[in-house]
Amino acid sequence: MALLTLQNVYKRYDNIRGGKKAKELLNYAVRDVSFECKDGSFVGILGPSGCGKTTTLRMIAGLETITAGKMFIGDICINDLLPKDRNIGLAFEDYALYPPLTVYENLAFNLKAKGLPAAEIQKHIDRVAPLLKVDDLLKMKPSALSGGQKQRVNIARAIIRRPGLLLLDEPLSHLDGKMRQNLRQEIKRMHKEIECTTIIVTHDQIEAMSLADAIIIMRNGDIQQMGTPLEVYDSPVNEFVASFIGEPPMNLLRSTIAKIQSGFFFTFTDSALRVKVPARYNDKVSDGMELTLGVRPMDVLITDKPASTPVPVFIYENFGDERRISIKVGETRLNLTTSADIFYKPGDTIYLEFNSDKTHLFDIETGAVIK
């Protein structure tokens, strides 16, 4: 069952200067957004700053009105419902805790406002505090807490009322790398225990990939793709998704197809590198065709067989668990990663081959994938 449904939702702001045409084109923060979140699912809304992801979350929460479209929780249209009537828990990027109050009092604040008796409030806190590992912080005030502890309290406060829908707005952005990793694991564990439908907004694709069951990728107010983490990683619908998902990002190389004898090859401006086109693309390409070739760094392989043009190493980096190597292809860098215990210095010659099953072709004009 779909707990949350958005149908053709738009959000327009009227504070952009210019004529009618300029306003029509520029001031839609969100355009024609439609998606469903199944009951109990964990959905990530991912995209760069200004893509409309937080605006979408705020509309779901009732903090922003919508310009057009409909939103449902279950079979109830929530367009005109006040935030307090939507049964939603919301944790912001900034912790928004009450400084004079203890952690216990922060957790109890909304429950007291609803008139719950002290014994009932205690029961709720006893249930939620251990989930977020804040049960040993209850007597402390926010000023004495670390950033990670504050965010744990922030999320605990959001779920203490047993919301039907939990909304997380960039909850990890203020934390350092190690704390982000730890809190990601805690959020994942918490979600499994409380089984609450959860939406997280983030610009960090690692967060979205590790936490979410489904990812919605947005750009300039539009949804580019929605799918499981594996689907958006392995089958990106366009260049933007291909480059946004993955660390390091996918290599995108402008290429001209050349027919040499009985086969097709990718060729590149100002580079002697040639790569054979996988046979599955033979009916999609033609001699002289220009396109963008996409291949992830881990699918660029070093071979000891000189089956392709030799290329010199441009940059070598050792990260301990993996090695990253950059090759210059004209003015573009081709990056590859390997776990092999190898060392190169700039100028060393290597031979490359691509994992043909993992290459992607994109239209040079539209950026859409060529299937």
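Please treat every number below as a calculation from the coordinates, not as lab data. Source: prediction; values computed, not measured.
From the Kirkwood radius over Cα pairs of the chain, Stokes-Einstein at 25 °C and 0.890 mPa s returns a whole-number translational diffusion coefficient of 104 µm²/s. Most mobile of ALA258, ALA279, ALA61 per a Gaussian network model of the chain (Cα springs, under 10 Å)? The residue with the greatest mean-square fluctuation here is ALA279.
Taken as Cα centroids, region 152-225 and region 303-332 sit 36 Å apart, rounded to the nearest whole angstrom. Distance from the Cα centroid of region 45-75 to that of region 83-119 is 23 Å (rounded to whole angstrom). Principal-axis analysis of the Cα atoms of the chain puts helix 103-113 at an angle of about 60° to the longest axis.
Where does region 241-331 land on Rg/Rh, using Cα atoms and the Kirkwood Rh? The partial results should precede the final answer.
Working: Rg = 14.2 Å, Rh = 14.6 Å.
On the Cα set of region 241-331, Rg over Rh gives 0.97.
For region 45-141, the relative contact order works out to 20 percent when only alpha carbon pairs closer than 8 Å and six or more residues apart are counted.
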